[in-house]
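First comes the structure, then the notes that go with it.
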Amino acid sequence: MVTSCEDEEDEGQELASVSDIEALGNQPVRLAIGTIDERVALSSADLALQNGAILPSGISRDSNLNLDGLPNSRHSSLSQPDCLINNPPNISRIRRVMFECKDPIEISLVEFETYWPFIDNVWVKQRSNSSKEGHCTTDYYMCRLRRPTHRTSETRPLPEGKRPRKKRVREGGICNFQIKVVKFEGAYSTVTIARTPGSSRVHSHDLDYIDKVKRNSGLMEFARREAVKGYLPSSIYTKFQEEPAKLEEAGGKFFTVTDVRNVSAKWRIQNPEVKLVPHDGYEYQKGHGIVRKRGSGSDSDSLVLSDAILKSSLPPDTLSFPQFPLDFLEPYLPKHDERRHLPHVTLSYASSMDSKISLLPGMQTVLSGPEAKLMTHYLRSRHDAILIGVGTVLADNPGLNCRLEGAGGYGGLGRMWQPRPVVIDPTGRWSIHPECRMLRTAVEGKGKAPWVVVSPGARIHPQKLMMLKGYGGDFLRIMEYNQDWRLRWEAILRALASEGIKSVMIEGGGTVLSELLNPEYADFIDSIIVTVAPTYLGSSGVSVSPDSKRDKEGKPNAALNPKDVRWMPLGQNVIMCGRIRTERPFTSNIE
């Protein structure tokens with residue numbers, strides 16, 4: 001059953017595509033990548049520039065441009081024939097995200113190999129661990145400035161006529177930032193970057209400082225590719241300086257001609273007979289170095305992609321980021337700067353006027369309009385996990401991912417904004433197989449593989465377990481029951497917290513939602529967000545309602561009264577937001 005605005009595209013009932021929302025106003029949109037706290041408003045022009053104006057790396061000015069297979073790009077017919085700095089998309093912001101590492105970053109192996117060279121100057125590798133099967137490798141890194149201060153030793157006698165080099169003392173021991181890079185090889189190979197337990201929360205310096213200390217290998221590779229073509233280092237440097245914005249985005253704010261000489265020295269030694277020349281259209285002028293010849297036009301103008309091309313690079317089921325205000329949701333959403341014993345839990349579903357979520361059990365029923373559908377996908381992007389019962393999975397075969405433009409698989413980096421699907425299946429009823437939508441979504445890079453919560457008595461075939469693990473999912477076995485011999489919600493939430501889940505959005509189905517609306521669970525549920533549709537589904541529909549309650553005298557009493565309630569019209573729907581937890585859980589600011 002669809003409890004909110006589940007994935008209707010299988011039946012051709014897409015409610016809001018990228019083009020459907022063009023008339024909703026000129027409100028800010030979100031950048032394609034970033035941590036939870038970085039989902040702040042950026043202009044449409046910024047997004048277009050970040051996503052399209054910079055082409056992927058690895059393409060020289062003399063090669064045919066082919067972007068097929070590179071992350072976030074399908075423009076195989078575009079080219080920049082004379083561009084030396086071919087940065088990957090969003091390189092500036094992604095470098096900052098990977099430098100700050102506020103939250104764990106899960107990306108594909110291809111994306112890691114694309115972006116890591118542009119941030120490797122920050123890190124020094126400490127050690128590596130591998131699993132027995134060899135499917136998982138963990139590399140531990142520390143910030144380069146964590147190493148002890150380097151002092152130059154006694155200089156050796158120099159050959160006659162050679163001047164001593166000016167060496168600067170690199171100060172060390174000033175930053176205790178440490179990370180681990182976990183590489184998992186399976187049906188969908190992933191790389192997860194996260195801070196280690198003993199790491200500082202932030203660097204003691206900014207990214208510019210480390211870029212000044214050492215250049216990254218991605219930038220130096222651009223220079224090396226030109227050097228092996230036989231160009232003068234000064235000519236390469238001049239060409240680089242003609243693209244200052246791209247140079248700075250790639251970490252080259254302090255790039256010098258000496259860097260080019262150093263990276264080309266090995267090739268020059270191996271090819272002493274080659275006479276180095278300037279680039280076509282450039283010449284040496286005494287007192288000015290390498291300059292562009294008069295009358296020669298610039299062939300390296302930045303290529304700005306049109307909105308139509310940007311849209312065509314995204315999957316057809318991509319949803320436009322909401323371009324209408326959603327600030328009213330903020331008080332009810334998780335705060336990721338808090339340390340909690342249990343995750344923040346949000347109940348979210350779509351309901352009719354008579355509190356029904358479906359016309360019949362197992363029947364898809366669309367209750368959310370286009371705006372409410374976008375809001376639900378936005379809510380998904382703000383939570384670490386989506387939780388549903390096995391009945392909903394068997395009835396709907398949902399994808400449980402975020403399809404907003406900018407999410408992982410929809411123009412974003414890796415799995416960012418993609419929540420972890422969690423399925424409550426105590427007896428192991430779900431016959432998970434490679435063709436189910438959750439696994440297909442994971443393989444396509446549009447979401448994460450599910451975690452399935454089971455009881456001790458559930459019989460899970462070893463082959464089924466290994467298959468799910470191969471897709472990046474897992475089975476979580478819960479040992480605790482309540483008085484009705486059901487799995488205890490506190491145990492489930494505690495297990496999710498132990499796996500790093502800080503927030504959970506519970507979408508259905510009716511049994512799960514009705515149970516959690518009972519007052520005995522009020523200490524575990526933080527907020528509720530209900531999309532109310534202007535329709536009545538009738539008495540045969542699937543309802544969401546807590547059990548009837550009575551007071552001490554036996555008189556009927558209200559089962560649940562949410563606090564801080566707010567109603568907000570949104571298209572054809574009305575959104576009801578409220579708090580359920582009466583007291584805030586133990587929290588503390590992370591030091």
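The values are calculated or read from the model by the stated rules, or taken from the named source; none is laboratory data. As the structure is a computational prediction, the values presented were derived from the model and not from experiment. Every residue, glycine among them, receives a Cβ derived from its backbone with ideal geometry; neighbour counts consider all protein chains shown. Protein only, heavy atoms only, side chains kept; ligands, DNA and RNA dropped before computing areas. Shrake-Rupley method; radii C 1.70, N 1.55, O 1.52, S 1.80 Å.
Segment 217-292: percent of C-alpha pairs farther apart than 15 Å? Considering segment 217-292, 53 percent of its Cα-Cα pairs are separated by more than 15 Å.
What segment 327-579 shows is 40 Å² of accessible area per residue, with the surface traced by a 1.4 Å probe over protein heavy atoms.
Heavy-atom accessible surface of segment 217-292, averaged per residue, reaches 52 Å², computed with a 1.4 Å probe.
The relative contact order of segment 327-579 comes to 30 percent, based on Cα pairs under 8 Å that sit 6 or more residues apart.
Only lysines eight or more places from Lys180 in sequence, or on another chain, were considered; those with a Cα closer than 17 Å are Lys102, Lys125. Annotation for Glu283 and Ala559: the two label points, set 7 Å from Cα along the Cα-Cβ direction, are 8.7 nm apart. For segment 395-434, the carbon plus sulfur part of the accessible surface works out to 50%, probe radius 1.4 Å.
The simple Förster model, with R0 at 35 Å and r as the Cβ-Cβ distance, assigns Ser130 and His341 a FRET efficiency of 0.60. Size of segment 327-579 from its Cα atoms: along the principal axes, largest to smallest, the extents are 54, 43, 41 Å.
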